[in-house]
Amino acid sequence: MESLIKNEALVTRTYGTEIKDKSKNAIDTNAADVSNTGIDIVLLHGWGMNSGAFSSFIPYLQDSFRVTTIDLPGFGENVAALPSPYTVDALAKLCAAQLPKDCVLIGWSLGGLVAQKIAINAPEKLSGLITIASTPRFSAGHCWPGIAEDLLNMFEAQLEKDYKKTLERFLAIQAMGSATAKNDIKTIRQQITDYPDPAEEALKRGLSILANEDLRAQIGRIMTPTLRLYGRLDSLVPTAGIDRVCELHPQADTVVMPHASHAPFISHPQQTADIIYRFSTSLQHQRAS
């Protein structure tokens, strides 16, 4: 079942069956039907993408959860929703307003940066936080592995000339290292084309956020139970930086998928779904105990 909700701010899509009353905390993990776990999860996509990127992944989740997707402002079905100024704080505020109560928020790449900001500014909205191939700072710096400045500058320059070619190159870098790289690129490309093209302003400002946003001094304040999921082969969020993130946010759990790159939910959907399921249902058990 899929429902489309339009409101004054952002469009959201919800998939899966109606969930049970969240006041009933107990669940039976041995039951054949796990569609009634009582857990809402929300997916936020990355830069240059839209919620279509999750289309092939959602079926792995919707039998266990009610799944909501939100296109980031300026992307997909929210292409016309452009906050001014276009900052991670503004994106977080708009997305937070659409979250179902006590959800597990899952942010991929740039979406993970927004999700972390929501966990910092509006923790009451969340029961859990999962970042996929994300970090508190994407750009490389002193003793901080990340995206090289010259690569970000190249994307910025190319964006002025041909954003579609720029997105193609970005897709190629995201899939780099994956054994199924060609198929991963093809899958994401096909899925995102089902949605409207992004706003040019959102592409520019979103790239600026990747280049300049730095939440390192803030993530230690995140008290929401957190899982940080990485791909060992990711060239955009290098695993060399994981120890530094753990130092800044020691409360978080960390999982590194050994054969995945920047989009593990595309290359390894079942494994990614299983990790999400175990983390999310463990939170429910903790609340019930």
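In terms of the mean number of neighbouring beta-carbon atoms within 10 Å, the peptides 131-144, 246-259 order highest first as 131-144, 246-259.
Of all beta bridges that DSSP places with both ends in the chain, some 25 percent have antiparallel geometry.
Full extension of the chain between Asp197 and Cys143 yields a length gain of 15.8 nm, computed as 0.36 nm times the residue separation minus the alpha carbon distance. Heavy-atom accessible surface of Met154, to the nearest 10 Å², is about 70 Å², with a 1.4 Å probe and all protein chains retained.
What FRET efficiency, computed as 1/(1 + (r/R0)^6) with R0 = 22 Å and r the Cβ-Cβ distance, is obtained for Lys164 and Thr87, rounded to the nearest 0.05?
Numbers: r = 25 Å, r/R0 = 1.16.
Efficiency computed from Cβ-Cβ geometry: 0.30.
Jot down the per residue volume, in cubic angstrom and as a whole number, of the convex hull over the alpha-carbon atoms of segment 135-271.
Working: hull volume 17.3 nm³, N = 137.
Expressed per residue, the convex hull around the Cα atoms of segment 135-271 is 127 Å³.
Secondary-structure-derived ellipticity at 222 nm for the chain, considering helices only, amounts to -11000 deg cm²/dmol, per-run term -39500 (n - 2.57) for DSSP H runs with n ≥ 4. With the simple model of a label 7 Å out from the Cα in the direction of the Cβ, Arg221 to Asn121 spans 1.1 nm.
For Thr180 and Cys246 in one chain, what is 0.36 nm times their gap in residues minus the Cα-Cα distance, to one decimal in nm?
Values: separation 66, 0.36 × 66 = 23.76 nm, distance 2.91 nm.
Length difference between fully extended and current span is 20.8 nm.
In the full protein context, the chain carries 43 Å² of accessible surface per residue, based on a 1.4 Å probe and ignoring ligands, DNA and RNA.
Under the membrane-span-like helix rule (DSSP H runs whose alpha carbons stretch at least 15 Å along the helix axis, mean Kyte-Doolittle hydropathy 0.5 or higher), the chain yields 110-121. Put a dot 7 Å past the Cα of Ala97, heading toward its Cβ, do the same for Asp150, and the two dots end up 4.3 nm apart. Counting Lys and Arg as +1 and Asp and Glu as -1 over every other residue whose Cβ lies under 12 Å from the Cβ of Thr87, the net charge comes to +1.
What are the semi-axes of the equivalent ellipsoid of segment 85-139, taken as the square roots of 5 times the eigenvalues of the Cα gyration tensor, listed largest first and rounded to whole Å? Walk me through the numbers on the way to the answer.
Values: eigenvalues 56, 37, 13 Å².
Calculated on Cα positions only, the semi-axes equal 17, 14, 8 Å.
Beyond 24 Å in Cα-Cα separation lie the following of the pairs Lys101/Lys186; Lys161/Lys204; Lys93/Lys204: Lys101/Lys186.
If you take the beta carbon distance between Gln190 and Ala9 as r and set R0 to 25 Å, what does 1/(1 + (r/R0)^6) give as a FRET efficiency, to the nearest 0.05? Provide the component values of the computation, followed by the final result.
Values: r = 29 Å, r/R0 = 1.14.
With a Förster radius of 25 Å, E is 0.30.
Spatially, segment 216-238 and segment 178-208 are offset by 22 Å when compared through their Cα centroids.
From Cα pairs below 8 angstrom and at least 6 apart in sequence, can you work out the relative contact order of segment 143-289, rounded to a whole percent?
Working: 141 pairs, mean separation 43.1, N = 147.
Worked out over segment 143-289, it gives 29 percent.
The residues neighbouring Thr239, those whose beta-carbon lies less than 14 Å from its own, together hold a net charge of +1 under the Lys/Arg +1, Asp/Glu -1 convention.
Expressed to the nearest 5 percent, the antiparallel share of DSSP beta bridges inside segment 55-150 is 10 percent. With 0.36 nm allotted per residue and the present C-alpha distance subtracted, the Val255-Ala80 stretch has 59.4 nm of extension available.
Return, ordered by residue number, the residues of segment 199-241 whose backbone nitrogen is under 18 Å from a label point located 7 Å along Cα→Cβ of Ala157. It comes to 204, 207-208, 211, nothing else.
Each of Ala288, Gly241, Thr226 was scored by the projection of its Cα onto the charge dipole of segment 222-289, and the greatest displacement toward the positive side belongs to Ala288; charges sit on the C-beta of Lys, Arg, Asp and Glu.
Could you give the C-alpha radius of gyration of segment 194-258 expressed as a fraction of 2.2 N^0.38 Å, taking N as the number of residues it contains? All intermediate terms of the calculation are to be shown ahead of the outcome.
Numbers: Rg = 14.8 Å, N = 65, 2.2 N^0.38 = 10.7 Å.
Segment 194-258 yields a ratio of 1.38.
Using the average count of surrounding beta-carbon atoms within 10 Å as a protection proxy, the listed peptides 163-171, 271-279 rank, highest first, as 271-279, 163-171. Please check which bits of segment 259-289 a label hung off Asp63 would reach, taking the label as a point 7 Å along Cα-to-C-beta and the cut-off as backbone N under 20 Å. Residues passing the 20 Å test: 265-282.
The values are calculated or read from the model by the stated rules, or taken from the named source; none is laboratory data. These numbers come from a predicted model, not from an experiment. FYI the Cβ positions are ideal-geometry reconstructions off the backbone, even for glycines, and counts take in every protein chain you see. Keep in mind that these areas ignore ligands, DNA and RNA; they rest on the heavy atoms of the full protein, side chains included. Shrake-Rupley method; radii C 1.70, N 1.55, O 1.52, S 1.80 Å.
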